[in-house]
Structures are given as C-alpha cells and as structure tokens.
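What follows is a set of notes on a single structure, which appears directly below.
The values are calculated or read from the model by the stated rules, or taken from the named source; none is laboratory data. Quick caveat: nothing in here was measured; it's all calculated off a predicted structure. Glycine also receives a Cβ, built like all others from the backbone with ideal geometry; neighbour counts cover every protein chain displayed. Only protein heavy atoms, including side chains, enter the accessible area calculation; ligands, DNA and RNA are left aside. Shrake-Rupley method; radii C 1.70, N 1.55, O 1.52, S 1.80 Å.
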There are 2 protein chains.
Amino acid sequence: MSDLATVAKRAGVSRATAARAFSQPELVRASTLARVMAAAAELSFRPNRLAQQLRTQATRIIGVLIPDLRNPVFTEQLQAMEIAARAQGYALMVTTTGYDASREAEIVEEMLCQRVDGLVLTVADAEHSELLVKLEQESVPYVLVYNQPDSESVCAVSVDNRQAMHQATQYLYSLGHRHIGMVAGPVAQSDRARLRYEGYCRAMEMCGLVRQPVIEMPHHTRARFELLAPWLEGPERLTALLCSNDLLALSVIGDLQRQGYRVPDDLSVIGFDGIELGELTYPSLCSVVQPRAAIGREAVEVLLARMRGEQPKIQRLPHQLREGESAGPLQRSDTDARRTVPVST
Amino acid sequence: MSDLATVAKRAGVSRATAARAFSQPELVRASTLARVMAAAAELSFRPNRLAQQLRTQATRIIGVLIPDLRNPVFTEQLQAMEIAARAQGYALMVTTTGYDASREAEIVEEMLCQRVDGLVLTVADAEHSELLVKLEQESVPYVLVYNQPDSESVCAVSVDNRQAMHQATQYLYSLGHRHIGMVAGPVAQSDRARLRYEGYCRAMEMCGLVRQPVIEMPHHTRARFELLAPWLEGPERLTALLCSNDLLALSVIGDLQRQGYRVPDDLSVIGFDGIELGELTYPSLCSVVQPRAAIGREAVEVLLARMRGEQPKIQRLPHQLREGESAGPLQRSDTDARRTVPVST
DNA sequence: TTGTAAGCGTTATCAA
DNA sequence: TTGATAACGCTTACAA
C-alpha cells in the first residue's frame, strides 16, 4: 500500500503539498491538486489513519462498553449511537463486558491504549466502581448510559428507574392487583435492578401493600420457573409480576404459558425497556419504555460536549408506560390460578 | 499522558531498554526491569498502541461488518467471535451496514484506512458484490459469514442454506402439510433468502406440490399481516409457513395469534436461524438452527489462517432442524381456519 | 545486558 | 502556492 511520499513523487510535488491536497485542497493550485489526485488514484493510495491519529493526537474514535450485545435494549441504543457518532465524524469501538467489573476495567485500559477520544459506558454497578473514579482522576471524558448514579456530578444519561418502576407498580394496583412481585436477574450485578426494586418497594408501601423480596434469577434475561413457582400458589399468591427487563419478562411469560397459566388472565406481567420485540409477540408485552434511541443520541452529544471541555449535567430522559396485552385487570377466581396443563410440560 | 522516553529517563535507562522491558522482559536484567516498571507505574504510563501499530505495520484489529445488530443471529455470532479473537490477541471493530451495498463499500474503505489486519463480512449479496473482487485484487484477507457464494474459491463460513430449507419443507410435508408457503424480507437484498427460497422450491417439486411465489415483506424482520392475509383464505389456503429468519417468524406468529389464528393448529410456522429467543416464547419456535457460535469461532479461525498466508477452503457447517411448538401436524377442518377474533383487533 | 539510531506515515511550522 | 524539516511514540537492527 502506497504512502503520501510515493504519491508526492509521482505527482512531482513535495510531501507537504500532497498532504495539503487532501486536508486543505483550497490552499493548492487547481492543476497541482489534479496531479496529486491522479497520482493517488493510480497508486490506489489510502491515507493511513494510524499515522494521522498518532500525529494529531486524536483518533475520532469513541470507545463503547456494553454489558451484553444479545440484549436488544443495548443494540437499539447502539444503533442510534453509531448514526449520531458517524454524523460527527466519529467511529465506535464496541466491546462487551458481560456485567463483569474486572472486564470493564481491562477493556477500558485497552481502549485508552488505543487512545479513544472518549468513552460511553454502561457498567454493572456505577455506585461501587473504582473504574469511574480512576477515569475522573485521569480526566478521561466519559458518559454513563442507563446507569443512574446517586452523585449529581457524574455524567450520565438514563431514565428515572425508581420512578419508572413506581409507576408500573401503581398501574398494576389500578388494575386491581394486590399481590405484586418483582423478578430480576443477579441484583448484585445491576444497579438498575436495585433502583427498580426500590421503586417497586416504595409504590407498594404507598399503596398499603406488602412488598415482597425480589425473586432473583441466576441469569439477567432468562427465568427459571422453579424459582417462580412457589410464589404462584396458595391464597396469597401473586397475580402480577414486574420484571427488571423485557427479555426476562418474555422468558417469564413463555414459561408461564408452557406451564398452563394464562397471561394476563391468571397472571399479569410487565417488563422494562420497551424493546421492539415486545410489540411483536402475543400477548404483546406491557413495558416501561426507555427511549433507547434518544438515550443513544444524547449519550453521544453529551460525550462530545465533555470532550469540548463543557460540563454537561446529568441527563434524565422521560420513560413511558406502554400498555400491552400481557397486563390486564385482576380476574376473580375461587380456584387455584393454575389451569390444567396442556401441550408439553 | 507520559511516553516511553519519560519512563526511560525516570528509570535511568535508554528508550530501547524501557521498550524491551515491556515487549521482551526476559532480555532485561531483573533489577533494571523492576526500575522501569516502577517508573512506568509512577508516571501511570500507558503504551500507545497507535505508535506500536504504525511501527509494526499490524494492528491486531479485525474489522467486522454486520447487516443489523438488532438481529440476534448476528449478535450471537459476534459474541463468539469476540471471545475467539480476544483469545488470539485480536480486537474487533464492528460496524453495521443495514443491508446496503454502498455502505458496505464505504465502511470497508474506512476500515482499511485504519489498517485492520483482516475483515469478517456478512454482505447483502455476495454474488453481485464488486467489493469482494476489489478485496481479492488488493489481496486483503477476508472471510464471508452466513453468505454462501456459488464460487468455491471465495472464503466463506455458512450452512447449506438450500439444503436446510429443503429439509424444513420436507418436515412440514411429513407432518401432512400440502399447502406450504414461504415468507421473506426484501429478497433482492439477501442472497441467503434467495437460496432458502430455492431450497423450498426444490423440496416442493420433489414432493409433487405446487410451489408458491415468495411472500415478500418490506422489512427483513417484521411481517405485515395484510400481505399475508390473502394466502390464508379459500380452499387452497396455506396451512404452513416457512420464514427466512426467526425474527420474521416470531413476528408472523404474533400477528397470526392477534388475528385469532392458532399456531400451530390453524397454521404451522417454521423459522430460520435458531436464535435463543425462539426457545423462550410460547409456542416455542420450530426453526432451522444455524450454529451461530461455531460459525463465529470458525470465521475467526479461517481469517487468521488466511492472514498467515494459508488458503483455507469454504467451510460448510451443519445446520439442525429444531422441532418446536410452532409447527405441528396438519389439522383437518371443514370450516375456515380462522376462529373468532379474541382480545384486541 | 544495554544503547544508538533509523524509520513507520502523517501533520504542522516556518521559510521561501 | 510550495518545500524542508521536525515531531508524534514506538520497535528493532546493529553495535557496544
């Protein structure tokens, strides 16, 4: 692959002129410009971004950390970020962390070695992250996404998770439900799940209901029915479930139906995220919709602002409760909620 | 951010020695090594990969082109690729193309400017891609994934799409279905959809059945019921549908159920890809499973081999028909397949 | 075991 | 409008 020097030689100009032909063509005489471009084309010259980046001390690359790309809530955000970044001449360098704090630190380190201009992070737990204080110390520009740290000083883009789940809980209350539970993945690995649980708890108390301990699944996005089953029996059994994310909710619904429960007649289920898939299934998923695309766009904007030296505040974007077929009014029934088992076991 | 020269000075050694301390520590006396490391730590030195990459003419970065990250079939593959690449000391640089050939070319160009060591591509249409011939000419190492080009000489990792859909069609036949149709996204944008349709056609002919024209949706992963409806009426109505991918199949099933059809009793539906989500829903999705993770791993292996100068052949990985609740035996019925509409419209 | 020095492909500062 | 030249931060012969 040829370089600028070769192009310059071929065009019969100096390296400097050849370089200018690309970066500031207006400073170059038209005929010279043409010669350089012709030479470049003949040699199929391709500017070396590594050299540019090294020289200019700027990569125009944004590093992005995502817990799990298999969850649409992240890819829907990512899609928007890519468009927004590209519009400003930035490329993304994406890596998954698997909700693992040590991996987060490792990968950030690698990205800093690659000299990314800034970072967009979704970390497992923003409150207890030494990574964030390190970045602050080294004054690396970064933005948190989906995380909702307590501290006002941290730069973050999210919805109000507490308030959102509060509202979802109240919605179930308004549908007549009195026995409402919440299902989540490994809570220790997700500050969001904790905040959402807090929102649930407050709402339950405000409604004068008994809040239940969180029903914790070993996996963030996959339910295990045997952990759920105990809550579905007896006179105090749950009639509605809040899930800490949509994938988990979909999994819960699938399991319930397979066990012979009707959703929402026997059990109402609400998710969190508002992924598109939730609108395709039947029953459609009632969910707390996070504006994933807007969050992604905003994250890029905020990061670029920080990179310019501004000090943008925390961005709290509005959520929205999307009603769906998976949540309905409480059905009175004198018998056990469980019907006879159909089809498979 | 400090550089090697500063570290060297601090440690009282030359730049070369400082560099060796990192790249070939065994060549450096233990005490010197310690001094260098101490100095590096004090200065919180972070090696500049750009400089390394420029100097060594190798980035250890693999460029990856993905049609749409919101489709799990791609993220499940990507997940495996990231692990495999990382194990060999490579990072991924991922970008989405939206099934757009001009974007594919643009992005590859950018990645080559960034001097990626190789490319993993899933293109819209491998047969009619001038991009590929260009890469071949410039001898850029690349591998196709999911694409299944006719030419034996192109390096690609995929299942046998024709054969796979052939088998799925036969499976429906074996369940008693005689009126089988196929739904796909924009066929012009997907060589895979075309191959799968060919497989369907051959199977239909082999079974002595009438093959139908493809039912084409405007979006790859989202059905529109009004385009489907005409096929579900009359004495010759379809009793089974093959879909060119799982997301589309899920969307079809949701629509059907919302319109009052029972799946699989009124209509059997089979997907293609075998995404995990398909196992969570109810009914679970019958699907042609592509080994996404194995495909991802293999893609990385094959690419690395090519980069070493080897000439690996086409890799054809085995698919598998996963039975699921969405496909069942043909139900005899004298009435219209359509039941009364429940719940919502 | 360590040091010297050239070079990777740009950009940017000065002069001309 | 163009050219010479010095960085950018690292690796790697080759020499000591």
Discussion item. I need a count of the residues in the stretch A:254-274 that are open to solvent by less than 10 Å² (accessible area, probe 1.4 Å) and either facing chain B (nearest Cβ under 9 Å) or not in a loop (DSSP other than H, G, I, E, B) (or both).
Written reply: 8
Worksheet item: Any idea which residue in the stretch B:50-82 is farthest from the other protein chains (Cβ to nearest Cβ), counting only those that are open to solvent by 40 Å² or more (accessible area, probe 1.4 Å) and more than 13 Å from DNA strand C (Cβ to nearest atom)?
Response: B:ARG60
Discussion item. Suppose the filter is part of a strand (DSSP E or B) and closer than 20 Å to B:VAL133 by Cβ; does B:VAL183 pass it?
Written reply: no
Item to complete: Identify, from the list A:ARG178, A:ARG202, A:ARG194, the residue that is under 30 Å from A:GLU233 (Cβ atoms), in contact with a His (Cβ under 8 Å, 6 or more places away or on another chain) and surrounded by fewer than 23 Cβ atoms within 10 Å (Cβ to Cβ).
Response: A:ARG202
Discussion item. Looking for something away from every other protein chain (no Cβ under 14 Å), within 12 Å of DNA strand C (Cβ to nearest atom), of a type in the set (Ser, Thr, Tyr) and buried (at least 16 other Cβ atoms within 10 Å of the Cβ) - is there at least one such residue anywhere in the stretch A:27-49?
Written reply: no
Worksheet, complete the sentence: Within the stretch B:1-18, the residues that are within 8 Å of DNA strand D (Cβ to nearest atom) and open to solvent by 80 Å² or more (accessible area, probe 1.4 Å) are B:MET1, B:ARG15
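Among the residues of the stretch A:67-91, how many are farther than 15 Å from A:ALA293 by Cβ and touching a residue at least 40 places away in the same chain (Cβ under 8 Å)?
If we filter the stretch A:67-91 for residues that are farther than 15 Å from A:ALA293 by Cβ, which is where we start, we get A:67-71, A:88-91.
Remaining after also requiring touching a residue at least 40 places away in the same chain (Cβ under 8 Å): A:67-68, A:70-71, A:88, A:90.
Residues that pass the stated criteria total 6.
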Item to complete: Determine whether A:ALA21 is without any contact (Cβ under 8 Å) to a residue 60 or more places away in the chain, surrounded by 12 or more Cβ atoms within 10 Å (Cβ to Cβ) and more than 41 Å from the chain's Cα centre (by Cα).
Response: yes
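Just to check your reading of the model, which residue among B:SER31, B:SER44 is hydroxyl-bearing (Ser, Thr, Tyr), outside the structural domain of B:LEU248 (by TED's automatic domain parsing) and farther than 16 Å from A:CYS113 by Cβ? Outline the logic, then answer.
On the way: B:SER44 fails: farther than 16 Å from A:CYS113 by Cβ.
Going through B:SER31, B:SER44 in turn, the sole match is B:SER31.
Name the residue, out of B:THR122, B:THR96, that is among the β-branched types (Val, Ile, Thr), within 14 Å of chain A (Cβ to nearest Cβ) and buried (at least 19 other Cβ atoms within 10 Å of the Cβ).
B:THR96
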Discussion item. Based on this model, can you work out whether A:GLU109 counts as open to solvent by less than 70 Å² (accessible area, probe 1.4 Å), within 14 Å of DNA strand D (Cβ to nearest atom) and assigned by TED's automatic domain parsing to the domain that holds A:VAL143?
Written reply: yes
Worksheet item: For the subset of the stretch A:150-166 comprising residues that are open to solvent by 50 Å² or more (accessible area, probe 1.4 Å) and part of a helix (DSSP H, G or I), which member is nearest to B:ALA41 (Cα to Cα)?
Response: A:ARG162
Worksheet entry | Only one of B:ALA58, B:ALA40 that is of a type outside the set (Val, Ile, Thr), at pLDDT 95 or above and more than 9 Å from DNA strand D (Cβ to nearest atom) | B:ALA40
Worksheet item: Can you tell me how many residues in the stretch B:301-335 are touching a residue at least 60 places away in the same chain (Cβ under 8 Å) and outside any loop (DSSP other than H, G, I, E, B)?
Response: 9
Worksheet item: Of the residues A:GLN311, A:GLN331, A:GLN315, which single one is open to solvent by 20 Å² or more (accessible area, probe 1.4 Å), touching a helix residue (DSSP H, G or I) at 6+ places or on another chain (Cβ under 6 Å) and at pLDDT below 95?
Response: A:GLN315
Discussion item. So for the stretch A:280-300 (the condition being in contact (Cβ under 8 Å) with a residue 24 or more places away in the chain and in contact with a Cys (Cβ under 6 Å, 6 or more places away or on another chain)), does at least one residue qualify?
Written reply: no
Response to the item:
Within the stretch B:206-220, restricting to residues that are open to solvent by 10 Å² or more (accessible area, probe 1.4 Å) and either within 14 Å of chain A (Cβ to nearest Cβ) or among the acidic types (Asp, Glu) (or both), the one that is nearest to B:GLY274 (Cα to Cα) is B:HIS220
Worksheet item: What number goes with the only condition from (1) outside the structural domain of A:GLU106 (by TED's automatic domain parsing); (2) under 45 Å from the mean Cα position of the chain (by Cα); (3) over 23 Å from B:MET111 (Cβ atoms); (4) not in a helix (DSSP H, G or I) that A:ASP68 does not pass?
Response: (1)
Worksheet, complete the sentence: Here the residues within the stretch B:221-253 that are surrounded by 20 or more Cβ atoms within 10 Å (Cβ to Cβ) and more than 12 Å from every other protein chain (Cβ to nearest Cβ) are B:LEU228, B:LEU232, B:LEU238, B:THR239, B:ALA240, B:LEU241, B:LEU242, B:CYS243, B:SER244, B:ASN245
Fill in: Test result for A:GLU205, part of a helix (DSSP H, G or I) and within 27 Å of A:PHE74 (Cβ to Cβ)
no
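Go over the candidates B:VAL64, B:VAL73 one by one and state the one that is away from DNA strand D (no atom under 14 Å from the Cβ) and touching an Asp or Glu at 6+ places or on another chain (Cβ under 7 Å). Lay out the reasoning, then the answer.
On the way: B:VAL64 fails: touching an Asp or Glu at 6+ places or on another chain (Cβ under 7 Å).
Checking each option against the conditions leaves just B:VAL73.
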Item to complete: Quickly run through the stretch A:1-51 and pick out the residues that are within 20 Å of B:ALA58 (Cβ to Cβ) and of a type in the set (Lys, Arg).
Response: A:ARG46, A:ARG49
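Kindly provide the set of residues from the stretch A:275-303 that are within 14 Å of chain B (Cβ to nearest Cβ), of a type in the set (Gly, Ala, Ser) and open to solvent by 10 Å² or more (accessible area, probe 1.4 Å), ordered by number. Show your work before the answer.
Filtering the stretch A:275-303 for residues within 14 Å of chain B (Cβ to nearest Cβ) gives A:275-286, A:292-293, A:296.
Applying the additional criterion that residues be of a type in the set (Gly, Ala, Ser) yields A:278, A:284, A:293, A:296.
Correct list: A:SER284, A:ALA293.
Being among the acidic types (Asp, Glu) and either in contact with a Ser or Thr (Cβ under 6 Å, 6 or more places away or on another chain) or closer than 22 Å to A:LEU69 by Cβ (or both) is the filter here; which residues of the stretch A:184-227 pass it? First the steps, then the outcome.
Taking the stretch A:184-227 first, the residues among the acidic types (Asp, Glu) are A:191, A:198, A:205, A:216, A:226.
Once the filter is applied, which keeps residues that are among the acidic types (Asp, Glu) and either in contact with a Ser or Thr (Cβ under 6 Å, 6 or more places away or on another chain) or closer than 22 Å to A:LEU69 by Cβ (or both), the stretch A:184-227 yields only A:ASP191.
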